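Engineer: Structure incoming, see below.
The values are calculated or read from the model by the stated rules, or taken from the named source; none is laboratory data. Model, not experiment: these values are computed from the prediction. Don't worry about glycine lacking a Cβ; one is built from the backbone with ideal geometry, like all the others, and counts go over all protein chains shown. These accessible areas exclude ligands, DNA and RNA; they are computed on the full protein's heavy atoms, side chains included. Shrake-Rupley method; radii C 1.70, N 1.55, O 1.52, S 1.80 Å.
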Amino acid sequence: NGKSKVFDNLSFKILPNTTVAFVGKSGSGKSTIINLLLGFYRQDSGTILVDDVNLDRVDIAQLGAHIAVVRQDTALFSGSIRENLSYVADCTEQQMWEALKKAELYDYVQELPDQLDYMLLESGSNLSGGQKKRMALAQLFLQDKPIVLLDEVLEGLDEKNTTAILQ
């Protein structure tokens, strides 16, 4: 059939209010697990359950309403910081500043000439790689979803920011 098997007999259970990290070499399947959980890939055999609900029976849009994701490649669009933050959640300006604080971007945005109205270029190209990742984290902090998936989100961040964000 031309398809290669990514996993064989993979099984795990994640209990509510727990944190689990999948660690491995590049290409070992970490992103594939996320794509399976998001319903982007279908398994050849076996079952994926979330809260005892078979993902094969759940609409992808419905599933997305319960899962917040920050991927390796940060998705920002041309528009203000405010627009990029409010795009993911209906939120107040105070909530935006709190999210920026948690993501270690508060001081940076405070120093910008237009602060929240500072315009980002396409894909946030006028931000550093670390700043883009922290913007994605600020977006995550604004979402109130029971399941959070992070795909190498801390890669490329310096030790100081990584430590602060994880606290």
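Engineer: Would you confirm, using the coordinates I've provided, whether Arg42 is farther than 17 Å from Asp151 by Cα, over 21 Å from the mean Cα position of the chain (by Cα) and not polar (S, T, N, Q)?
Structural biologist: So Arg42 does not fit the description; no.
Engineer: Separate question: Only one of these conditions is not met by Ile48: (1) without any contact (Cβ under 8 Å) to a residue 40 or more places away in the chain; (2) within 18 Å of the chain's Cα centre (by Cα). Which number is it?
Structural biologist: Failing condition for Ile48: (2).
Engineer: Could you check region 14-109 for helices (runs of 4 or more DSSP H) lying wholly inside it with 3 or more residues that are open to solvent by 70 Å² or more (accessible area, probe 1.4 Å) and at pLDDT 80 or above?
Structural biologist: Helices (runs of 4 or more DSSP H) meeting the threshold: 93-102.
Engineer: A further question on this structure: Can you name every residue in region 110-146 that is open to solvent by less than 40 Å² (accessible area, probe 1.4 Å) and free of Cβ contacts under 8 Å to residues at least 40 places away in the same chain?
Structural biologist: Residues satisfying the conditions are Leu112, Leu116, Gly130, Gln131, Arg134.
Engineer: Sticking with this structure for a sec: Any idea how many residues of region 80-123 are touching a Phe, Trp or Tyr at 6+ places or on another chain (Cβ under 8 Å) and on the phi > 0 side of the Ramachandran plot?
Structural biologist: Of the residues in region 80-123, 1 are touching a Phe, Trp or Tyr at 6+ places or on another chain (Cβ under 8 Å) and on the phi > 0 side of the Ramachandran plot.
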